[in-house]
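The values are calculated or read from the model by the stated rules, or taken from the named source; none is laboratory data. None of these values were measured; they are calculated from a predicted model. Here the Cβ positions follow ideal geometry from the backbone for every residue, glycine too, while neighbour counts run over all protein chains shown. Surface areas here come from the heavy atoms of the whole protein model, side chains and all, with no ligands, DNA or RNA. Shrake-Rupley method; radii C 1.70, N 1.55, O 1.52, S 1.80 Å.
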Amino acid sequence: MTRVWDAVVVGAGIVGAACARECAAVGLRTAVIDAAGVGGGATAAGMGHIVVMDDSPAQLALTRWSQQLWRELAPELPSEAEFESRGTLWVAADEEEMREVRRRQQLYASAGVPSEILDSRALAEAEPQLRRGLAGALLVQSDAVLYPPAAAAYLMREAIRMGAQMLPPQRVTALAHGRVSLDNGSQLSAGRIVNACGAGATDLLPQLPIRKRRGHLVITDRYPGFVHHQLVELGYLKSAHSIALDSVAFNVQPRQTGQLLIGSSREFGAEDATINHALLRAMIERAESYLPRIGNLQAIRAWTGFRAATPDKLPLIGPWPGDATFCLATGHEGLGITTSLATARLVAAEITGKASEIPAAPYFPARFLDASRLAPAATLYGEAVRG
Amino acid sequence: MAEPESIALTVDEIVVRVSPGTTVAAAALIAGSHTRLSIAGEPRAPLCGMGICFECRVAINGVPHQRSCQILCAPGMRVTTGRELAIR
Amino acid sequence: MSRAFDILVVGAGPAGIAAAVTAAECGLSVGVVDDNPAPGGQIWRNGAHLPASARRWKMRFEAAPLVRLQGWRIVDRPQPGTVRAQSNDAEFAPDAAARDGADLHYRQLILATGARERFLPFPGWTLPNVIGAGGLDAMVRGGLPIAGRRVVVAGTGPLLLAVAAHLASRGATIAAICEQASAAQIAPLMLNLITQPGKLWQGASYRWATRNSRYLTRCWPVAARGDERLRSVILQRDGKQWTVNCDFLACGFHLVPNTELAALLGCSLDNGFVSAGELMQTSVPGIWCAGEPTGIGGVELSLLEGQIAGLAAAGKTQAAQKLARRRRGALSFVRALGRACRLDSQLRHLAAPETIVCRCEDVPLHALRVHTGWRDAKLHTRCGMGPCQGRICGGATEFLFGWRAGSVRPPLFPALVSTLGGTQAPVVTTSPEETL
Ligand SMILES: Cc1cc2nc3c(=O)[nH]c(=O)nc-3n(C[C@H](O)[C@H](O)[C@H](O)COP(=O)(O)OP(=O)(O)OC[C@H]3O[C@@H](n4cnc5c(N)ncnc54)[C@H](O)[C@@H]3O)c2cc1C
Ligand SMILES: Cc1cc2nc3c(=O)[nH]c(=O)nc-3n(C[C@H](O)[C@H](O)[C@H](O)COP(=O)(O)OP(=O)(O)OC[C@H]3O[C@@H](n4cnc5c(N)ncnc54)[C@H](O)[C@@H]3O)c2cc1C
Ligand code: FES
């Protein structure tokens, strides 16, 4: 028997859970289906840094809005979501990076994001574990940290409370016009189908310009007070945004538990979850170069996760030109925890035909498909890298 | 047979004398102490005795999270039980 | 630091000792890594109370031309043919060189990582002095005075008798020995022990040593009481409950194999044990496995398997095959032991909703019940996320819910961040005389 839903959300990561909650909130009959449980994909592998980023005006707009949504939601979040308003310190190693600090402060100010410049002394006082002689940092107080799987579970519980249904775990094997086929042979009928499968979105829509970008993280035992803010090197911008190369960057996050998460790495072409020891080592050496004593802490576990990367570093949110019933909510690369809430608002607006709160066009999947409809992703990537 | 020399160490500032070959976990219990405090703050003491359970963690010479059941006492060692130390 | 060996053995319990001695006596360069302060594994730990055969093996081990990394643990496998070790005192050793991990290269690897106890949660089991049966045994061998202390020994398996006998010999008062299995379930095993005198578990002699203590079958603790530490336990048998005052409750519900390293190396597991062939070969060429990880069968079988693996890894296939025939006969004991120690399903109801199951992260039973499997529970409750990585709670949730603890990731045991990163040191090819 099939049942007609207004919206079927495929994928119960943090993005799918957020979409389900917004769809239910606006009164859509909503179902959610995931191959496994809630928040077990990239959502369970990520850092949970809620961060404003400014690679492009569209990225700034989305991250800033979504960060505000998280701050509004924070009082409702359960304690296990471990929401903490830690703030980010973008660490500048030298004078050249300090110029970037000043540029960013102005940019953030114009976008209404308050930030503060720390000089070398103030930085050493704020984070005594950092190596001496750093030039300074930009402190973005409104950035936060949370535990993504618990946040996703909360969003899903809210969705269910507002009437959405979480269907028993089933892999989706195919999408067709208004139809979702499940592994057990059954089908779901839906007015709109939201593909929120993260890096797995291409299994259902092979034409999507998404590539898996593997990342490594290491978690330590509890060392409360070792660092106080999320610490990221300004060079992160360069490495996170150079599309072509494998890279590592210094990115360390203090968790509410007192543990530290050590990141981060980016690599294309890796399809399995095993550890790349060369990259792990480069990542740890990078962290040690900023926090000389971090090597003396005990690591408990290292793991990998897959970011869904797009050629222009912006997510794919909105209608899919190939089928009017499809709506995408994927391609969030390293920012899907941050931008999940804003993504969900854009998706709900798209499905209900209402105006969105920020311009939605920059995230439309159609941006990749105007020239040659449904061109294969690899070609698009090649062009983007060259361009 | 000659008396083996005893080893003196401190457990939370209490001086304990043990014979060579004694584990730090045994020394902590001899001193009348537990080893760690759980996350909720309950006292915990060794469970497995073989390096598996991590209940015997103490700080040794200021270094936290040491599995005391697999470490032998050494002269002058400073053992601290209870909450994990923050910075080393 | 970096070393290369023909054969590397992980674990210096009976299986590892037998493997290393056998391989070294074939003239190959052999290294042994073991994370305890002294060789012997779980049963041949320190202390004078060792049978003659154990002393002989340990002497051969001391005499053999081996590189011993005693007090080191394997924490990672950075690449095929290499494992990474860290010393237990690396972190507080004043000597900076000791902080570096060691990359150990091998042509053949023998895993003899042994087993740990299974613990089941019940109200009060987190109190200090509620401890494993093997756990208290190890603590006493590590210098904990036990003379004059009252001990209740509980759980299942011949280990209880072994521990009670040892503690009694050190002057402890054994208030009771509580075996969860029924007399009918445990009898065939005891018969097996008695008909093979001097072999396998020395069950009969243990019983003799503890003849003054009550040995109760179908009996188990339902709660431990105390304040800062244990004061008494409530025992139950046939629906009747009573309180016993004691200083220690030594409680373990048989053994769980240490298969994490094998899993990290990609060796196939079968029903929780490492799959090993006739010659103790695993599914990965060049990796062998001996002792408890292949099946819980006691010290004699571990010794035999260690020798088979040592010979086979050294290329002495015929000699190994000869021993393998003897092993086949002994395997019936593994099955008998497994049957004798099967846990009573009533033990699933020992824990109350608020009883902590995951001791590292303080996760209570009621938080776990709503989840569908290990990974789901782990992600949403932090169960198994602590430093033991599910080694303790995994054994419990396997029995309580039928969950099998999930993926093994490096480091195998918590290790220094810098060790996990590793250093690029030149390889030293080791002559057997050196020790680290
Ligand atoms: C190492 C690392 C660090 C990161 N750090 C951060 C950070 O600090 N801040 C931040 O904002 N972001 C971060 N990210 C990115 C973030 O984790 C992701 O963008 C985000 O989790 C994506 O969520 P999602 O719901 O789209 O995908 P997922 O969490 O992967 O969820 C997709 C879901 O879809 C299901 N699914 C897939 N295919 C099917 C199918 N065919 N049928 C049924 N179900 C299916 C999966 O089971 C899964 O549950 C990081 C990522 C990594 C890898
Ligand atoms: C208290 C007690 C009493 C027992 N009494 C008897 C008895 O009377 N008769 C009997 O037949 N059996 C008895 N047993 C069972 C006995 O332990 C086993 O049969 C036997 O010890 C198995 O030997 P093994 O070499 O396989 O493992 P083990 O003795 O467990 O040795 C494995 C060794 O490897 C080490 N190791 C594991 N992983 C790593 C790693 N990653 N890096 C470095 N080192 C590692 C362990 O710490 C350990 O030292 C008893 C067990 C206990 C705990
Ligand atoms: S007592 Fe279990 S790890 Fe030390």
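Remarks
- C:Ile234 being modelled with pLDDT of 95 or more, part of a strand (DSSP E or B) and either in contact with an Asp or Glu (Cβ under 7 Å, 6 or more places away or on another chain) or surrounded by 24 or more Cβ atoms within 10 Å (Cβ to Cβ) (or both): no
- Qualifying residue in the range A:184-194 (condition: buried (at least 19 other Cβ atoms within 10 Å of the Cβ), of a type outside the set (Val, Ile, Thr) and within 16 Å of ligand 1 (Cβ to nearest atom)): yes
- Subset of the range C:224-270 that is more than 12 Å from ligand 2 (Cβ to nearest atom) and within 17 Å of C:Arg116 (Cβ to Cβ) - its residue that is nearest to the chain's Cα centre (by Cα): C:Phe253
- Counting only helices (runs of 4 or more DSSP H) that fall entirely inside the range C:350-418 and contain at least 1 residues that are within 13 Å of chain A (Cβ to nearest Cβ), the qualifying elements are C:365-369, C:374-381.
- Count of residues meeting criterion [away from every other protein chain (no Cβ under 14 Å), open to solvent by 10 Å² or more (accessible area, probe 1.4 Å) and touching a Gly at 6+ places or on another chain (Cβ under 7 Å)] in the range C:16-61: 2
- Residue match in the range B:41-49 (condition: facing chain C (nearest Cβ under 9 Å), surrounded by fewer than 24 Cβ atoms within 10 Å (Cβ to Cβ) and in contact with a helix residue (DSSP H, G or I) (Cβ under 6 Å, 6 or more places away or on another chain)): no
- If the condition is being among the β-branched types (Val, Ile, Thr) and within 30 Å of A:Arg255 (Cα to Cα), then the range A:143-186 contributes A:Val145, A:Ile160.
- Selection status of A:Ala287, open to solvent by 20 Å² or more (accessible area, probe 1.4 Å) and either out of contact with any helix residue (DSSP H, G or I) (no Cβ under 8 Å at 6 or more places or on another chain) or not in a loop (DSSP other than H, G, I, E, B) (or both): no
- Screening C:Met280 on (1) within 22 Å of the chain's Cα centre (by Cα); (2) surrounded by fewer than 23 Cβ atoms within 10 Å (Cβ to Cβ) shows it passes everything except condition (2).
- Extreme residue, modelled with the lowest pLDDT, among residues of the range B:20-38 that are part of a loop (DSSP other than H, G, I, E, B) and either surrounded by 20 or more Cβ atoms within 10 Å (Cβ to Cβ) or acidic (Asp, Glu) (or both): B:Ser33
- Of the numbered criteria (1) open to solvent by 20 Å² or more (accessible area, probe 1.4 Å); (2) closer than 24 Å to C:Cys360 by Cβ; (3) in contact (Cβ under 8 Å) with a residue 40 or more places away in the chain; (4) at the interface with another protein chain (Cβ under 7 Å from one of its Cβ atoms), the one B:Ile71 fails is (1).
- Helices (runs of 4 or more DSSP H) (entirely within the range A:26-118) containing at least 1 residues that are within 15 Å of ligand 1 (Cβ to nearest atom) and small (Gly, Ala, Ser): A:42-45, A:57-73
- Yes/no for A:Glu125 being in contact (Cβ under 8 Å) with a residue 24 or more places away in the chain, on the phi < 0 side of the Ramachandran plot, open to solvent by 20 Å² or more (accessible area, probe 1.4 Å) and in a helix (DSSP H, G or I): no
- Yes/no for A:Ala349 being without any contact (Cβ under 8 Å) to a residue 60 or more places away in the chain, away from chain C (no Cβ under 12 Å) and part of a loop (DSSP other than H, G, I, E, B): no
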